[in-house]
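The values are calculated or read from the model by the stated rules, or taken from the named source; none is laboratory data. Computed from a predicted model, the values in this text were never measured in an experiment. Heads up, the Cβs are rebuilt from the backbone with ideal geometry, glycines too, and the neighbour counts pull from every protein chain shown. When the accessible area is computed, the model is the full protein with side chains, heavy atoms only, and any ligands, DNA or RNA have been set aside. Shrake-Rupley method; radii C 1.70, N 1.55, O 1.52, S 1.80 Å.
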Amino acid sequence: MTQALRIGIAGLGTVGASLARILTEKAEMLTTSCGRPITIAGVTARDRNRDRGVDLSGVEWHADALSLASNAELDVFVELMGGAGDPAYSAVKAALARGIHVVTANKALLAAHGIELATIAEKTGALLNYEAAVAGGIPVIKALRESMTGNTISRVYGIMNGTCNYILTRMEREGLTFEACLKEAQRLGYAEADPAFDIEGNDTAHKLSILTSLAFGTAIAADDIYLEGITNISIEDIRAAADLGYRIKLLGVAQKTDSGIEQRVHPTMVPVDSVIAQVDGVTNAVAIESDILGELLMVGPGAGGNATASAVLGDIADIAKSRPGAQNVPAFGRPVEALIPYQRAQIQNHEGGYFIRLTVVDRAGVFASIATRMAEQKISLESIVQRSKQHTEGVEPQTIILVTHATSENAVRAAVEKIKAEGYLVGEPQVIRIERPKAA
Ligand code: HSE
C-alpha cells in the first residue's frame, strides 16, 4: 500500500478533538478516498489527561507545538491552537521551513503573518492550507483560490462569525438579552477564547482580510479595516429593522471602488427578502460577485467542532491525494511576489443606504428639522417614520427612524452632526449601513 500520510495535531480543543475522532472513526473510508491511510503521528495539547472521546494512547505526545513541528516525522502539521502569536506562529514557521505542509484554522495568525508564511511555504515547496480559517465548513477558500481563477471580482461579503449571527438571531426571535445569547454561544463552543474578538468584529475582520487578498490579489491588510461590532445593537434596532423590511447582520464586506478597496465590518441592514437575511443562528454565508460567474452565494455551518474539522479534513485530504512533484497551489492564489499592495478606500467615501434611529424630545418642528437637515445634505429618503409612544407633549421621548436612498457616508455624518447640534436628541443617534445583494 502507498505510504501513509503522517499528520501532527497541535491543539486538541473542540476542533482538534473532533478531527481526531473523525480520523479514527472514518479511517477506512478516508483510506479508500485518498488512496492512502492518514495516521496521527504526533499530538500536543495543554491538558494530556482530558477525556476527548477518542483513544490517543498510542500517539506520541510532544511537550509543545514547536517541538511537534520541529522534531516529529510528519508530512502535515495541523495547527488548531489559535492566536496570532506564539506558540502557533513559531510552530507553523518551523514546519514550513522544514518543507512540512501546514493545515490551519487560525485566521488571526494568517491575518497577521499570512504573507510571511506564504513566502516560506513557496521557498520550501510546502502547502499552506487554511479552508477552516474562514466561514467554518464553507469551501470559500477553494472557491476563490482555485475554482474562480480568471474571474474579476467586484465584491465579496458575508456573515462570517457564527457567534454574532447566533446572538442576533436569538435576540430577534426570542427577545433574549445580548448577554444570555453570548453565554449560550460560548457553551456551544462557537465563541473565541476571548469572545470580545467575536462581538467587537475582530474575528470577522481577520477572515475578511484573507478573502480580500484572495479576491483582489492584494497583500493582506488586516489593520486597514473599518470595524464596528454588534455590542451597540439593541432590541429596538432589531425590531425597527423588522418593521421596515430589514434584518440586522454583522457583515464583512470587501468591495472595489474608484478610490481603492473598501474593507469594512459592521452591523448591516439587509433586505428581509434577500437570501442572506434568512441565514440564521451559527450558519455563515459568503457571497462573491464577479464578471464571469456572476453571483455565487455559499451558505453553511460557520463554527463548532465538526464544521471546522470538516474543512480541516478536506485540506488534509487534498494533500493526501496530491501527486508527488505536482505544482503547489500558492497560499493566496498567486505567488507572493505577484500580490499587489492594498489600497484602502476610506469609509467616509462609502456610498450606500443608511438606517438612522433618533430618540427625540416630543415637540413640534422636530420632524421638519430632521427632514431639512437631510435635504441640506442632498440625502434622499426612502422612508421616515415616527414611533409614537403615549403623546403628552414634552414628556415622553419619541423615536424617529429614517431610511435613506444611496448617499455618501460623508453626507450622513454631516447631517447627523447638525441634528445633534439642534438640542432635541435624547442619547446618541444610531446609524446602520444598508447592504443590498446584487439582485435585490
Ligand atoms: N468564533 C468563531 C465564530 C469561530 O463564532 O464564527 C469560527 O471561526
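Rundown of residues vs (1) within 16 Å of the ligand (Cβ to nearest atom); (2) open to solvent by 20 Å² or more (accessible area, probe 1.4 Å); (3) in the same structural domain as THR152 (by TED's automatic domain parsing), yes/no style:
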{"site": "LYS207", "(1), (2), (3)": "yes, no, yes"}
{"site": "ILE210", "(1), (2), (3)": "yes, no, yes"}
{"site": "ALA221", "(1), (2), (3)": "no, no, yes"}
{"site": "TYR226", "(1), (2), (3)": "no, yes, yes"}
{"site": "ASP243", "(1), (2), (3)": "no, yes, yes"}
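May I ask you to verify whether PRO330 is exposed (fewer than 13 other Cβ atoms within 10 Å of the Cβ), more than 16 Å from the ligand (Cβ to nearest atom) and over 19 Å from the mean Cα position of the chain (by Cα)? Answer is no for this residue.
It is to be established whether one or more residues within the stretch 44-60 are in a helix (DSSP H, G or I), of a type outside the set (Phe, Trp, Tyr) and open to solvent by 20 Å² or more (accessible area, probe 1.4 Å).
Residues of the stretch 44-60 that are in a helix (DSSP H, G or I), as a first pass: none.
Checking the stretch 44-60: not a single residue is in a helix (DSSP H, G or I), of a type outside the set (Phe, Trp, Tyr) and open to solvent by 20 Å² or more (accessible area, probe 1.4 Å).
In the stretch 230-239 there is no residue matching the filter, namely being in a strand (DSSP E or B) and away from the ligand (no atom under 16 Å from the Cβ). Restricted to the stretch 104-205, the set of helices (runs of 4 or more DSSP H) holding at least 3 residues that are within 16 Å of the ligand (Cβ to nearest atom), open to solvent by 50 Å² or more (accessible area, probe 1.4 Å) and not assigned by TED's automatic domain parsing to the domain that holds ASP86 comprises 178-187. When the residues of the stretch 245-263 are filtered to those that are assigned to a loop (DSSP other than H, G, I, E, B) and of a type outside the set (Asp, Glu), the one that is most open to solvent (accessible area, probe 1.4 Å) is SER259. Kindly indicate whether ALA311 is away from the ligand (no atom under 16 Å from the Cβ), buried (at least 24 other Cβ atoms within 10 Å of the Cβ), within 26 Å of VAL329 (Cβ to Cβ) and under 17 Å from the mean Cα position of the chain (by Cα). In short, no. Once the stretch 365-379 is narrowed to residues that are in a helix (DSSP H, G or I) and of a type outside the set (A, V, I, L, M, F, W, C), the residue that is nearest to ILE400 (Cα to Cα) is SER369.
For the stretch 8-43, give me each residue that is more than 17 Å from ALA63 (Cβ to Cβ) and in a loop (DSSP other than H, G, I, E, B). Hits for the stretch 8-43 are GLY13, LYS26, GLY35, ARG36, PRO37. Residue count for the stretch 330-359 under the criterion of being aliphatic (A, V, I, L, M), closer than 18 Å to SER154 by Cβ and in a strand (DSSP E or B): the result is 1.
Within the stretch 84-100, how many residues are outside any helix (DSSP H, G or I) and open to solvent by less than 40 Å² (accessible area, probe 1.4 Å)?
We begin by selecting, within the stretch 84-100, every residue outside any helix (DSSP H, G or I); these are 84-87, 98-100.
Adding the requirement that they be open to solvent by less than 40 Å² (accessible area, probe 1.4 Å) leaves 84-85, 99-100.
Of the residues in that region, 4 qualify.
The residues of the stretch 281-304 that are of a type in the set (Ser, Thr, Tyr) and away from the ligand (no atom under 11 Å from the Cβ) amount to a single one, SER290. The residue list ARG48, ARG36, ARG98, ARG21 contains one member that is at pLDDT below 95 and over 25 Å from the mean Cα position of the chain (by Cα), which is ARG48.
Residue count for the stretch 354-364, restricted to those that are open to solvent by 10 Å² or more (accessible area, probe 1.4 Å) and within 17 Å of THR407 (Cβ to Cβ): 1.
Would you check which residues across the stretch 1-47 are polar (S, T, N, Q) and touching a strand residue (DSSP E or B) at 6+ places or on another chain (Cβ under 6 Å) and list them? Lay out the reasoning, then the answer.
Initial filter on the stretch 1-47 (polar (S, T, N, Q)): 2-3, 14, 18, 24, 31-33, 39, 44.
Result: THR39, THR44.
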